[in-house]
Structure formats: C-alpha cells, structure tokens
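K.L.:
Below you will find the structure I want to go over with you.
The numbers here are math on the coordinates, done by the rules we state, and not lab data. Here the structure is a predicted model, which means the values were calculated and not measured. Glycine gets a Cβ as well: all are built from the backbone with ideal geometry, and neighbour counts include every protein chain shown.
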C-alpha cells in the first residue's frame with residue numbers, strides 16, 4: 001500500500017475530530033507533529049520529528065515534541081514502538097500492520113502485506129473455517145497461548161538490513 005494524500009488527509013481529519021471529542025486543544029504544534037507522523041510509513045524518533053518540523057515551525061522545541069508525543073500516546077492517537085536498546089519510534093497508523101526493522105540503524109517502517117494480515121486475522125477467528133484449508137486456524141494460533149495470557153493483538157517485525165545500510169556496507173563504510 002502506498003500512502004496517498006487522501007489517506008493522509010483522512011488521518012489528519014480523524015485526529016482533529018478526536019481532539020474535539022476529547023476536549024484537547026488543537027494547537028499549531030500538535031497539528032504539525034501529528035501531520036508529520038500521518039504522512040509517513042516510517043516510524044520516526046522524537047528527534048527526527050523535531051528536525052523535520054523545526055525548519056517550518058522554529059518555535060517548536062524538542063521538549064514540546066516529546067510532550068506532544070506523550071499526550072498523543074495517552075489519548076490513543078499514536079503508538080510508540082521500541083525494540084530492545086533502541087530509541088522510541090512513533091506511528092500514527094492505528095490499523096493492524098507489521099514492520100520492517102533495520103537491525104543496523106534501527107529504522108522501522110510499516111509493511112502492509114494484505115495476505116499476511118488476512119492469514120493472521122483468520123487465525124484469530126477460530127469459529128470461521130479458512131476456505132481451502134479445512135482448518136479454522138491455519139497458523140495454529142490460540143487466543144490463549146499460555147494459561148492466563150489472552151492474545152489481543154499480533155504484530156510481526158521483519159528484521160534485516162535496510163537499503164541505505166546495505167549500500168553503506170557495500171561501499172565499505174563501517175556502520176555501528
């Protein structure tokens with residue numbers, strides 16, 4: 001899936017509506033941070049967001065970006081992801097999706113693989129048979145994988161090396 005202008009605008013309009021519903025002021029800073037997140041499949045860090053916003057909104061500080069992201073997360077407008085030892089990354093895409101994660105630079109981006117999402121969704125619906133498989137649960141995923149643990153969400157991270165890091169590695173540039 002490609003992130004088109006109508007999809008970006010739909011995310012921003014939904015964000016504005018939710019701010020109004022929750023009585024959260026829609027400031028220029030909040031709109032700038034959210035708009036930047038809504039327009040990317042990547043998951044930027046707070047610092048990356050700040051760098052992208054600061055040239056257009058010089059009055060926005062890094063502290064404001066952090067506080068805004070914290071507020072957005074508290075209200076459920078965005079998600080925060082962090083792999084072990086990596087900086088937090090933020091995402092405005094609240095639809096079920098998976099990630100490509102670079103194990104060199106930590107870059108994370110959405111992968112919207114419909115076939116994978118459909119398979120996982122069907123696997124979590126044991127009351128419906130999957131056509132052609134004779135099974136209602138082709139991945140054998142149980143809603144309760146361990147006693148007392150209820151699976152509410154499945155996210156898959158595909159780990160590897162992103163294009164820019166592969167180019168640097170081939171060019172003999174030592175990275176991390």
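K.L.:
Rounded, prolate or oblate: pick one for region 37-106, where a ≥ b ≥ c are the square roots of the eigenvalues of its C-alpha gyration tensor, a/c under 1.5 means rounded, and failing that, prolate if a/b is larger than b/c, else oblate. Each step should come with its number before you reach the end.
P.N.:
Values: a/c = 1.73, a/b = 1.36, b/c = 1.27.
Verdict is prolate for region 37-106.
K.L.:
Let me ask you something else. Compare the peptides 54-63, 13-22 by average per-residue count of other Cβ atoms within 10 angstrom and give them in order, highest first. Mind showing how you got there, number by number?
P.N.:
Numbers: 54-63: 12.0, 13-22: 13.5.
Listed from highest to lowest mean packing, they are 13-22, 54-63.
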